Amino acid sequence: MFELEPGAHNALQLATSSVMAGDVARGKTWLMKFDQLNHASREVPCASAYVNFISALAQAGHARETLPYLAWLRELHRQLKITDDMFLHQRGVPFFHVFLENSWPLLRQCLDDKQLLDWHEAMLADLDEGGCAEVRAWLAQQLPAPAANDEAFKESP
């Protein structure tokens, strides 16, 4: 497939297919190839590609392998700062609430309560007011009361 049409889309397809077939290392190699090709062509929104790769990893039972890609999406949201759905949609970035909802089960498998709190709190200094409120509400809903009601959490920006 890639030999006939060596584009970013096909590299991404090979990345996700490799992961689903159990070859995570090969999948990561193809994702790097995707990044290289897509950097020049802008064929596929990068955030969408990473979401597809994360989904393949999750479906194949490799939650821990999703962490760097989830962190990449988190950092993308931090850089954009704006969490408005229309703003994100126009840039091919997952809606912020969808990102929180879909990343949670994977993060929950890999991180304890304190690490989950820290992972999410890292966004608070950079997001708009609505995004910060959404993170706080999400954590208060998901984490046991002592972690979500921690004094440091309440005083975060």
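The values are calculated or read from the model by the stated rules, or taken from the named source; none is laboratory data. Not measured: the values here are computed from a predicted model. Heads up, the Cβs are rebuilt from the backbone with ideal geometry, glycines too, and the neighbour counts pull from every protein chain shown. These area figures cover heavy atoms from the full protein model, side chains too; ligands, DNA and RNA do not enter into them. Shrake-Rupley method; radii C 1.70, N 1.55, O 1.52, S 1.80 Å.
Of the residues making up the stretch 20-45, those that are under 26 Å from Arg78 (Cβ atoms), open to solvent by less than 70 Å² (accessible area, probe 1.4 Å) and either part of a loop (DSSP other than H, G, I, E, B) or touching a residue at least 40 places away in the same chain (Cβ under 8 Å) (or both) are Val44, Pro45. If you take the residues of the stretch 51-66 that are touching a helix residue (DSSP H, G or I) at 6+ places or on another chain (Cβ under 9 Å) and outside any helix (DSSP H, G or I), which of them is nearest to Asp128 (Cα to Cα)? Among residues in the stretch 51-66 that are touching a helix residue (DSSP H, G or I) at 6+ places or on another chain (Cβ under 9 Å) and outside any helix (DSSP H, G or I), the one nearest to Asp128 (Cα to Cα) is His62. Candidates Glu3, Glu75: the one that is without any contact (Cβ under 8 Å) to a residue 24 or more places away in the chain and not assigned by the TED database to the domain that holds Trp138 is Glu3.
Can you list the helices (runs of 4 or more DSSP H) lying wholly within the stretch 67-137 that have 2 or more residues being crowded, with 19+ Cβ neighbours inside 10 Å? Working first, answer last.
Values: elements: 67-80, 85-90, 96-110, 113-121.
Qualifying helices (runs of 4 or more DSSP H): 67-80, 96-110, 113-121.
What number of residues within the stretch 51-70 are in contact with a Phe, Trp or Tyr (Cβ under 8 Å, 6 or more places away or on another chain) and touching a residue at least 24 places away in the same chain (Cβ under 8 Å)? Reasoning before the result, please.
Step one: filter the stretch 51-70 for residues in contact with a Phe, Trp or Tyr (Cβ under 8 Å, 6 or more places away or on another chain), giving 53-54, 57, 69.
Add one more test, that the residue is touching a residue at least 24 places away in the same chain (Cβ under 8 Å), and what stays is 53-54, 57.
Summing the residues that are in contact with a Phe, Trp or Tyr (Cβ under 8 Å, 6 or more places away or on another chain) and touching a residue at least 24 places away in the same chain (Cβ under 8 Å) in the stretch 51-70 gives 3.
The set of residues in the stretch 1-12 that are at pLDDT below 95, in a helix (DSSP H, G or I) and of a type outside the set (Gly, Ala, Ser) comprises His9, Asn10. Does Ser48 satisfy being touching a Lys or Arg at 6+ places or on another chain (Cβ under 9 Å), without any contact (Cβ under 8 Å) to a residue 60 or more places away in the chain, in a helix (DSSP H, G or I) and within 29 Å of Val135 (Cα to Cα)? No: the conditions fail for Ser48.
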